[in-house]
Every structure is written in structure tokens, then in C-alpha cells.
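Bear in mind these aren't lab numbers, they're just calculated from the coordinates by the rules spelled out. Please read all numbers here as calculations on a predicted model, not as lab measurements. Methodologically, a virtual Cβ is constructed for each residue, glycine included, from the backbone with ideal geometry; neighbour enumeration extends over all protein chains shown.
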Amino acid sequence: MTRRAAYEARQKRRANMIAGVSTAVVLALVVLLVPLAPGWEAVRSSFFNGEVFVRVFPDLLRAFVLDVAIFAWSVPLIFALGLAIALARGNTNPALFPLRIFGAVYVDLFRGIPVVLLVYLVGFGIPGLGLPRPWNSPYIWGTVALVLTYSAYVAEVLRSGIESIHASQRNAAICLGLSERDTMRYVILPQAIRRVVPANMNMLVALQKDVALLSFIGPVEILRQAGIFKSLLANFTPYVAAAVIFLCITVPATRYADYLMNRDRDARS
Amino acid sequence: MKTFLTATILSLAATGAFAAGHCAAGKTLTDGTLTIATGNPAYYPWVLNDAPEAGEGFEAAVAYALAEEMGFAADAVTWVRTSFDEAIQPGAKNFDLNMQQYSITAERDKVVDFSAPYYTAPQAVMTTTPVVEGGATATMESLKGLKWGVVASTTALPVVMEQIQPSQSPLVYDDNANITAAMKAGQIDAALFDLPTALFTAAVLMDNGVVLGQFDPAAAENPDQFGMLMPEGSALKACVDEALAAMTENGTLAAIEAQWLQEATGVPLIK
Amino acid sequence: MPDPRLSLRGVTKSFGEVQVLRGIDMDIAAGEMVCLIGASGSGKSTLLRCMNGLEPVDDGAVLLDGVDIAEPGFDLGPIRQRIGIVFQSFNLFPHMTAYENVALAPRRVLGEDARARIEALFARFGLADHMAKYPDQLSGGQQQRVAVIRALAMRPQTMLLDEITSALDPELVGEVLDVLRQLRDDGMTMVLATHEMAFAREVADRVVFMDQGVVAEEGVPERIFSSPEQARTRQFLASVLR
Ligand SMILES: Nc1ncnc2c1ncn2[C@@H]1O[C@H](COP(=O)(O)OP(=O)(O)OP(=O)(O)O)[C@@H](O)[C@H]1O
Ligand SMILES: [Mg+2]
């Protein structure tokens, strides 16, 4: 072991010990002090009720499958549409100018409208025009509402990514004889998309939570199911249980994204 | 002679007063008169044609039956109008009783007095004419096959899940407006409301709303009950409750209900 | 002189109010190696970029094998395969390995899986072991050599090289210049903007001195470097050779 490595190992041990002790102290304080608060019993029985938790957990988990499903089929649509809008906004072909205008209006419009309103408007409004079943399903149109909103955000994120790529990259590709299309596809987009992964991850976490807005137009997903239990049992523990389930997904997801990005970076140095 | 006559009239009047209820005597706003408030306007099927004096419509009929039970002749009943909210505020009132589908709740009970319930609202099934034309009937069998919508916070969801047990899982909403929107969008076939709400929603909010049937209210766990509203600390409450108990006992109330709320609205019981 | 590979006739180019090229006339024969020298801002890069149509010219003609590619509306796609260009920096695509950088254009433009040819190019320029590396895992000199290989993989007839060594540490310059020597020996037609006067003197068939958007003086390196005619050429050489 070199002198430097030995020094660093010592430093690291020391840092780990300090971190461990301070964490233990904080945890101990929370565990010991909070129950001493006068209202703790009441709070515990209405928010952290073990019996209620166990009773509602399986049903909430089942409802959460719906959240995951809606999320899963929304994401590819959001990214496909977001990309199309970003490209429409970025095109410089005068013949496609209307497309460019459309992209700009689309982004302004759907970023400006609250998601809830869009969920109601699209979820009730479009089926109300007289679509037959199953094409009037709130699952379909609720998803459409989410896709409209989120693709507008994703389009802007992607566009900022595309614009952040140095012009010389485009020049290099064009000078090799690559078409505009291939330049975008093989040179600009791969770099742009990588650059906006963090922004898009935040978007996905937000989307996972906004999926719950679909419950406004009928589907019984996890937050609605928790709400039903809340009024049935007059207890808020179902929401806590729902939060636990959400965290089980979102925390690893964000950590995984961080990991991917770090790996990407480490591979380069 | 004159004295005798006066005495006779007085004694007659006194007899009349006693006849007008040994209980209610002296406890009404105007002696010998029962002042009852209704909505402005008053709605079908509670009051027909906005004319409570005719005694037609469920609440109008209950009012006259109650007055009779308490010893007031029909012409001793005076009607006044109040808005729904104004009557529920604390403060002096210009009526002895107010009837306009007030649900008895603990919160309201803190600022006003309620009589014993004169009506227990049953759960009713609202749907649309296309669904009825599609073959839906007021039978459990038929209801199972429908796509249901319910409001999350009401007791409707357990009723749908446990009694109807539909073949498709129901959709759940925050409020009646959303249910109406979903029904207009064709996303749900049927919704469960209390009967009065169902009647109102079908008639006013929907273009093609139909109340398909109602559940026997006796079977409900936590039913919505209507009470007559009286000023806080009303001396009349005991008399009204006594009269209502008698009317329940002798079947008067049930008969009025059958006449004005089942026959008049034509909402059959679900079998 | 046989028909020139590339001819410029009265080429002008302005950016806004600033006229950067003010009537350039130039003939470059097939197999010739021309070095552009001149002060910073004299218009060397702009001239190179006009030669392959990356920068549209305002006026004048750019004749490639007798065809005017500066004609407004001319389809430059096919032309660009015949003219390779390497820039000072930001050349490589950072998300692709060295090999992928090189293979992309042959695959997409020529529709060719040029694996063997590309591997041979890497081997020839001493980069056989670096094909799988990403640009930021390569030194600057290696990066610039990959950029040259990438241009060569399109089998260009002409190479335009814009100060491809000026962003490099001095000890890396040599390996890149070696590559250019090899190309010259292959008979590649080359136009090279450079600040490497010694190199220009050694390898160039002709040196073109640019000053403020015009060709001030040109000739064989021997003459330009030892007995320049123009005062401004002397001045420039004095400042860079000091
Ligand atoms: N895209 C552009 N927009 C505006 N001005 C430009 C642009 N490109 C170049 N110029 C200007 O044109 C002039 C010539 O630039 P050019 O890059 O051709 O010079 P150069 O001879 O290559 O210089 P250097 O030796 O520093 O590379 C400079 O004054 C420069 O600022
Ligand atoms: Mg330059």
C-alpha cells in the first residue's frame, strides 16, 4: 500500500465512523423524543396504525399495479411525441414552417394548462362527443391527457438538449456527407438525449405521481383506493401505506438513474 | 247575554286552543297557527307546483298530516318561504318548522334543532335512457351487468360492492358533477345516489337521466335522514317528535311516502 | 497546368458588414499540397469552409473538377463525400468509439460496411489499439488522427485541413504532421491552413499567404520563406518566425 493509499484508507474509515455515529444519534433522538410529544398517541393511531396498514396494504398494492401500468404505457408515448414536437420545433425547412408553429403552440398550450384540467377536459370531454365503448374509456383519454402535458415538457427538455450540442458537431457530420436526418439521428440526438437524462428523470418521477390524477375521472388507482379506505376506516394510515409503496418505486428509480449517469461519466475518464 | 256570549266564545276559543294540542299551545310563533317554511321555490316531488297550500307533494302532505296530528286544522297552517342556507344559520326565525330536505347532521344540530326523521332517503340507481333501452331493469341480476360509478366518500361504494357485486369494477369519483360528466361521456351506465339526489340529478343535470329503481331504505346502514328544522332550543320540538312518532306508528307517514315518493316518481323497488 | 482539381474565381464572403474574403482566385491541381498561411482573422478558415460549401459564398465561383458548386441551390451532399475536411477541434462525436466515428459515414452514406478498410486505416496511422476507445479516452493527437481517418474513410479526392495541430500540445504535433506527410506521399490533394511554418516549408508544393481576405502572395515555399516580395509577407513571417 502506498503512503497515499494508506492515508486515504484512514481518512475514509474516520469519515465512515463520524457519519455512522451522527446518524445513530439523530435516529435515537427521533425514536425517543417524538413519542414523548403529548399528541403522539393520537397521531400514531390515525397515521401510523399497524393494524390498518396490514389490512389495506394488499389492496393498495393491487391498485398500484394500475398506476404502474398507466405509467408504463404513457412513457413511450410521451417520449415519442415529445421527440416529434422537439424536432418539429427545430426544423428549418420553410415548407414545414406550419409544423414549427404547431410545435410552439403545442408546447405553450399544454405546458400552460394544469394537468388536472386537461385530465377532466380530455377524459370527460372527448368521450362526451359520442365515442362508443371501449373507445371512450377514461383509461385511454386520461392517458392522452398525461401524454399531452408531459410530451410538451419533454419536448422542451429535448429541444434544450439539442440546442446545447455544439454547432461544430453538426458541421462535422454534414461535412462527412451525412444527411440532415442522419446527422440528427446518429450525431445530435444521442448526445442531446444523454445530456437531458437528469431532467427527464425528474419528469418521470413527477409523472408517476401525476398518474394519480386519473382517479378524478374514475379509475381506482392507489391514491383513490387509499382515499376510499380513509373514509371507510376514518384513518389516514392508508395514505401512509400508499406513500411507502410510492417511495419503494421512486427512490430506487432515481438512484438507478444517478448510477447510470455516473457509470456513463466514469466510463469516459 | 252579551257577557254569556262573550264567555261562550271565549270558552269555545279556549276549547279550540286546547283542541289545537295541549302540547303545542302557546309554543308557536302565532297562537293557534302553525307557521311552516318551505323552499323558495319548492321543488317536485316535495311540493307540487310550488304550491304547498294544496297539500300535494311529499313534504306538503307530511306538513298537513303533522298539523292535524298536533291539532291544527288545515286552515291554521301558514306557509312562509326561506332559502335553504338562511334557515340553517343561527338566529331568530320566522317559522315554527322548516321542511326542505334538511339532512340531520351533528354539525347542523349545534345551531338549530331537528325533529325526529320524517324521511329516510333510500339509495337509488340513476342511469340513462339508452341504458334502459339496452335492457337494464330494476333487478339485482340486471344491475350486476352495468358499469358503475360512485362517489368515493359516500356509503354508496360498499353498497355497490357488497350488494350488487358488479361484474366490472366500478369507477370512483370525487363528486356528483364528475359522475354526471362520466355518464354523459358514456363511461358509466349507472350511479348510486340517495333517491332525492338521484331524482334531482336525473331531472336537472342530465338530458336523458332515469332513476331506475331504489333500494329498500330499511336495509341501509347509514341512511340519509331528513328532519324538520326548528330554531335552537325550540319548545315545539317535543310535540313535533311526539306527533311524528304517532304518524310513524299508525302508518300515516308510510302511506304519504308511498303516494308521493314512489307512485308519484314511479321509482320501483329493486328486487 | 492540367485542369485544376479545385478553382476559386473571385470568391467573396461577408459576415454582416465585415468582408472576410475579398475576391479570391486560386487553382489547386490534383495531387497538389497547398498551405494557407496568414495572420489570425485573415480568412483562412472561412476560405476552407467555402471550398466545400459549408459556408455559402456571396459571389464568385468554386469549381470542383469544372463544376461550380457555389451555384446557389447546388446539391452539396455528393460533393462533400469527395472533399474531406478536418477542423481544429470538436471534430469527433464524443458518444461514439473511434471506430464508430469512422464507420458511421461509410455505412450511412456509401451503404458500405467498410470494416476491413477502416481497420487498415487505423493500423496505418498507428491507432490499431485505440479503435474501441471513446474520444475523451484519446490524447489530442490521437483524436486528430482519428478525425483524419474518418475523413479518409469516405475516400475523398481532396482534403481540407484547418489548423488541425494548433489545439495540440507541442509534443503531439509531430504525430499528426506525420500523417499528413504520408497523405502527401499518397498523392492526396490537400489544402492546409497552418501556423506550422517549418512544416509548410518542408512539405508544401505551394504556399499561399493571405492577408485581410485577399491572397497577398503565393509561390513555392522556398521563395516565399526566403525572399518574399511583399512587405506584409515579410512582416508576417518576421512575427511568426521570430
Ligand atoms: N460565422 C461567423 N460570423 C461572423 N464572423 C465570422 C464568422 N466566421 C469568421 N468570422 C470572422 O471572419 C474573419 C476571418 O475569420 P477566419 O476564421 O476565416 O480567420 P482565420 O484566418 O482562420 O483565423 P485563425 O488563424 O485565427 O483561425 C474573422 O474576423 C472572424 O471574426
Ligand atoms: Mg482559422
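Have a look at the DSSP beta bridges in chain B and tell me what percent are antiparallel, nearest 5. Before the final figure, lay out each step's value.
Details: 18 of 31 bridges.
In chain B, DSSP labels about 60 percent of beta bridges as antiparallel.
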Quiz item: In whole Å, what is the distance between the alpha-carbon centres of the stretch B:227-271 and the stretch A:25-43?
Solution: 53
Self-check item: Angle between chain C longest axis and helix C:140-152 axis [Cα atoms, degrees, rounded to 10]
Solution: 90
Quiz item: Using alpha-carbon pairs under 8 Å, 6+ residues apart, how would you state the relative contact order of chain B in percent?
Solution: 25
Practice problem: Could you grab the relative contact order for the stretch B:121-214? Cα pairs under 8 Å, six or more apart, rounded to a whole percent. | Solution: 46
Self-check item: Order of C:ARG232, A:ARG89, A:ARG62 - criterion: other Cβ atoms within 10 Å of each residue's Cβ, fewest first
Solution: A:ARG62, C:ARG232, A:ARG89
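How large, in Å, is the protein assembly as shown by the Kirkwood hydrodynamic radius built from its alpha-carbon pairs?
Details: mean 1/r = 0.0286 Å⁻¹.
Answer for the protein assembly as shown: a Kirkwood hydrodynamic radius of 35.0 Å.
May I ask you to derive the FRET efficiency for C:ASP178 and A:LEU260 from their Cβ-Cβ distance with R0 = 45 Å, giving the value to the nearest 0.05? Mind showing how you got there, number by number?
Working: r = 40 Å, r/R0 = 0.88.
The calculated FRET efficiency here is 0.70.
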Practice problem: Name the most mobile residue of C:PHE225, C:PHE15, C:PHE125, meaning the one with the largest mean-square fluctuation, in a Gaussian network model of chain C with Cα contacts below 10 Å. | Solution: C:PHE15
Self-check item: Among A:66-73, A:123-130, C:158-165, the order from most to least packed when residues are scored by Cβ within 10 Å on average
Solution: C:158-165, A:123-130, A:66-73
Exercise. Express in whole angstrom the spacing between the alpha-carbon centres of the stretch B:105-177 and the stretch A:160-208.
Key: 54
Quiz item: For the stretch B:121-214, what proportion of DSSP beta bridges, expressed in % and rounded to the nearest 5, is antiparallel?
Solution: 65
Quiz item: What 222 nm value per residue comes from the helices of chain B, counting each DSSP H run with n ≥ 4 as -39,500 (n - 2.57) and dividing by all residues, nearest 500 deg cm²/dmol?
Solution: -8500 deg cm²/dmol
Exercise. Over the alpha-carbon set of the stretch B:190-271, work out the extent along each principal axis and list the three values in angstrom, largest first.
Key: 46, 28, 25
Exercise. Within 10 Å of each Cβ in peptide B:177-189, how many partner chain Cβ atoms are there on average? Round it to a whole number, please.
Key: 6
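Among C:LYS44/C:LYS133; A:LYS230/B:LYS184; A:LYS230/B:LYS271; B:LYS27/B:LYS93, which pairs are too far apart, with a Cα-Cα distance over 21 Å?
Details: C:LYS44/C:LYS133 32 Å; A:LYS230/B:LYS184 29 Å; A:LYS230/B:LYS271 31 Å; B:LYS27/B:LYS93 14 Å.
Beyond 21 Å: C:LYS44/C:LYS133; A:LYS230/B:LYS184; A:LYS230/B:LYS271.
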Quiz prompt | For q = 0.12 Å⁻¹, Debye-computed log10 I/I(0) when each Cα of the stretch B:121-214 counts as one equal scatterer | solution = -0.28
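Could you pull out the longest piece of chain B with no exposed loop GluC sites (Glu not before Pro) in it, calling a site exposed if DSSP puts it outside H, G, I, E, B and it has at most 16 other Cβ atoms within 10 Å? Could the numbers behind the result be given before it?
Numbers: sites that count: B:GLU221, B:GLU232.
Counting only loop sites that pass the neighbour cut-off, the longest clear stretch is B:1-220.
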Quiz prompt | Hz values of 3J(HN,Hα) by residue in the stretch A:63-78 - Karplus curve (6.51, -1.76, 1.60), Gly and Pro given as x | solution = 5, 5, 4, 5, 4, 5, 5, 4, 4, 5, 8, 6, 4, x, 5, 4
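For chain C, what is the calculated [θ] at 222 nm in deg cm²/dmol (nearest 500), taking -39500 (n - 2.57) for each run of four or more DSSP H residues and dividing by its residue count?
On the way: 9 runs with 86 residues, N = 242.
Result for chain C, helices only: -10500 deg cm²/dmol.
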Exercise. Among B:MET99, B:MET70, C:MET131, rank each residue by its count of other Cβ atoms within 10 Å, from fewest to most, as a rough exposure measure.
Key: C:MET131, B:MET70, B:MET99
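If you average the sequence gap of Cα pairs under 8 Å that are 6 or more apart and divide by the length of chain A, what percent do you get for the contact order?
On the way: 240 pairs, mean separation 72.4, N = 269.
RCO, chain A: 27 percent.
Dividing the alpha-carbon Rg of chain A by 2.2 N^0.38 Å yields what?
Values: Rg = 24.7 Å, N = 269, 2.2 N^0.38 = 18.4 Å.
Output field value: 1.34.
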Quiz item: In debye, nearest 20: dipole of the stretch C:59-199 around its Cα centre with unit charges on the Cβ of K, R (+) and D, E (-)?
Solution: 480
Quiz item: In terms of modelled amide H atoms, which long-range or inter-chain residues lie less than 5 Å from the amide H of C:ILE85?
Solution: C:LEU160
Practice problem: Treat the count of other C-beta atoms within 10 Å as a stand-in for reagent exposure and order B:ASP189, B:ASP216 from fewest to most. | Solution: B:ASP216, B:ASP189
